[in-house]
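Report on the following structure.
The values are calculated or read from the model by the stated rules, or taken from the named source; none is laboratory data. If you're wondering where the values come from, they're calculated on a predicted model, not measured in any experiment. Because the Cβ atoms are built from the backbone with ideal geometry, glycine has one as well, and the counts that use them run over all protein chains shown.
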Amino acid sequence: MADQVQDSLFREIDEELRQEHYAKLWKRYGKYIIAAAVLLVVGVAGYQGWRNWDIQSRQAQSEQFEAALELKRGGDLDAARNAFAEMAEDAGKGYATLARFQEAAVLEQKGDTQGAVALYSELAGETSLPERFRNLAVILGALLEMDSADPAALTERLEPLTASDSPWRFSALEITAFVARKSGDTGKAKEIFERLVNDAEAPQGVRTRASEMLAALG
C-alpha cells in the first residue's frame, strides 16, 4: 500500500513542481548571485562577460544534473548517488537543492531508508530553503516513515501542512489518514478520507484512493 501511495504522490509532486516553472526557481535563487556579481563588474563589457559565464555555468550544471539522472534511470545507483552528492556540494543553490532531493531518492532505492529520512530531515530544517521545499521534504520523509514512526509524532509533524493554504495539504491529509488507520483510529481515518473525497480541489488520484479506502473500511 505504501509503495502505491508513494508512486502516485511522486507523480502528483512532479506535476506540481513543473507548474512552478524552473525559470521561477532560478529567479528566486539567482537574484542574490546576480546582485553580488554586479558589484564586482566594471563597465558594460565586464558585465556582459559575467553574464555569458553565468549562462554557460547554468548550462553545465543542467547537463551534469541530467547525466546524474541518467545514471539513476540506468540503475547505477552508487554512481548516481555520488554524482548528486557532488552537485549538492558544488552546484549553485537551485541545482544543489534538487540534487539533495534526488540523492535522498537514490538512498531510498538502495534500501537505505534511514539515510533517506535523515537527508529529508536536513532539508526540512534548512531555513535558507523556501518553505515550499522544506515542506516537500517533510512530506517525503513522512511517507518513508509511515509504517515505522510513532503515529502521534508523525501526525504532529504533518499537522501544519494540512492547513487550507498549504500546497501540500492533500498529501499531508492522505498520509495522516493512513497513519490513523494503521494505529487503529478508524474513525479519524474515515473522517479524513471522506473530506478528501468531497474536496473538489483534491487531485483525482487522491480522491480515488480515498474513495477506495472508505469502501475498504466499511
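Among residues of segment 113-139 that are within 19 Å of residue 172 (Cα to Cα) and free of Cβ contacts under 8 Å to residues at least 12 places away in the same chain, those with a beta-carbon under 8 Å from a residue that is surrounded by fewer than 20 Cβ atoms within 10 Å (Cβ to Cβ) and of a type in the set (Ser, Thr, Tyr) at least six positions away or on a different chain give the pairs 134/127. For residues in segment 144-163 being among the small types (Gly, Ala, Ser) and farther than 25 Å from residue 109 by Cβ, which is nearest to the chain's Cα centre (by Cα)? Checked segment 144-163; the qualifying residue nearest to the chain's Cα centre (by Cα) is 163.
Selection over segment 164-184 of residues that are buried (at least 16 other Cβ atoms within 10 Å of the Cβ) and more than 24 Å from the chain's Cα centre (by Cα) gives a count of 1.
Return the total of residues in segment 162-196 being more than 16 Å from residue 147 (Cβ to Cβ) and either in contact (Cβ under 8 Å) with a residue 40 or more places away in the chain or aromatic (Phe, Trp, Tyr) (or both). Summing the residues that are more than 16 Å from residue 147 (Cβ to Cβ) and either in contact (Cβ under 8 Å) with a residue 40 or more places away in the chain or aromatic (Phe, Trp, Tyr) (or both) in segment 162-196 gives 5. Once segment 185-207 is narrowed to residues that are small (Gly, Ala, Ser) and in a helix (DSSP H, G or I), the residue that is farthest from the chain's Cα centre (by Cα) is 187. Between 67, 105, the distinction of being closer than 22 Å to residue 172 by Cα and either buried (at least 19 other Cβ atoms within 10 Å of the Cβ) or modelled with pLDDT of 85 or more (or both) belongs to 105 only. Candidates 124, 189, 210: the one that is under 30 Å from residue 77 (Cα atoms) and in contact with a Leu (Cβ under 9 Å, 6 or more places away or on another chain) is 124.
Residues that are among the aliphatic types (A, V, I, L, M) and either in contact with a Lys or Arg (Cβ under 7 Å, 6 or more places away or on another chain) or surrounded by fewer than 19 Cβ atoms within 10 Å (Cβ to Cβ) (or both) within segment 185-201 comprise 189, 196, 197, 200, listed in sequence order. Confirm whether residue 62 is assigned to a helix (DSSP H, G or I), modelled with pLDDT of 50 or more, farther than 22 Å from residue 142 by Cα and among the hydroxyl-bearing types (Ser, Thr, Tyr). For residue 62, the condition - assigned to a helix (DSSP H, G or I), modelled with pLDDT of 50 or more, farther than 22 Å from residue 142 by Cα and among the hydroxyl-bearing types (Ser, Thr, Tyr) - is met.
Residues of segment 175-218 that are β-branched (Val, Ile, Thr) and farther than 21 Å from residue 152 by Cβ: 197, 206, 208.
Applying the selection to segment 162-184, what residues are part of a helix (DSSP H, G or I) and over 13 Å from residue 209 (Cβ atoms)? Of everything in segment 162-184, those that are part of a helix (DSSP H, G or I) and over 13 Å from residue 209 (Cβ atoms) turn out to be 162, 169, 172, 176, 179, 180, 182.
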